[in-house]
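Take a look at the structure below.
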């Protein structure tokens, strides 16, 4: 029975990695379920404080995943219109699939900056910041899922 929990845990961590790139699947929470499932083994390999720490990490990563593209837009000279465009572009693209989630924040920030009467050059710069923010958020999610996978594998 123990191998069943290990197998499900590994599958959940892999699904979490995939979800770190796809908008529909929440990667880190799914990978965390893989860790949590290991507690069904006898004896459970993780302490409660270890699991609560990972709950905190997952919550912070989910929060950052939404705000890093906004920060990137601001850092590259975007206005509040670009930030709102980035956010709305992400939300609209969420329903369009993986490519949409990559393009959505970029296009949203670009259009928002054009509404704010920015030049195309300034708007492209802010949109590039939004895109870098999206990539940064995805990289953080991938790293967190890989770390959870590491702890799962070393618990075997």
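Answer yes if at least one residue in the range 133-142 is under 30 Å from residue 4 (Cβ atoms) and touching a helix residue (DSSP H, G or I) at 6+ places or on another chain (Cβ under 8 Å), and no otherwise.
yes
In the range 100-127, which residues are under 18 Å from the mean Cα position of the chain (by Cα) and closer than 14 Å to residue 76 by Cβ? Reasoning before the result, please.
If we filter the range 100-127 for residues that are under 18 Å from the mean Cα position of the chain (by Cα), which is where we start, we get 100-106.
Those that are under 18 Å from the mean Cα position of the chain (by Cα) and closer than 14 Å to residue 76 by Cβ: 105, 106.
Mind listing just one residue for me: the one in the range 99-132 that is in contact (Cβ under 8 Å) with a residue 24 or more places away in the chain and within 17 Å of residue 27 (Cα to Cα) and, of those, surrounded by the fewest Cβ atoms within 10 Å (Cβ to Cβ)?
Going through the qualifying residues, I end up with 102.
Computed from the coordinates by the stated procedures, all read-outs in this text should not be read as laboratory data. Owing to the predicted nature of the structure, the values given are computational and were not obtained by experimental measurement. For neighbour counting, all protein chains shown are included, and Cβ atoms are generated from backbone atoms with ideal geometry for every residue, glycine included.
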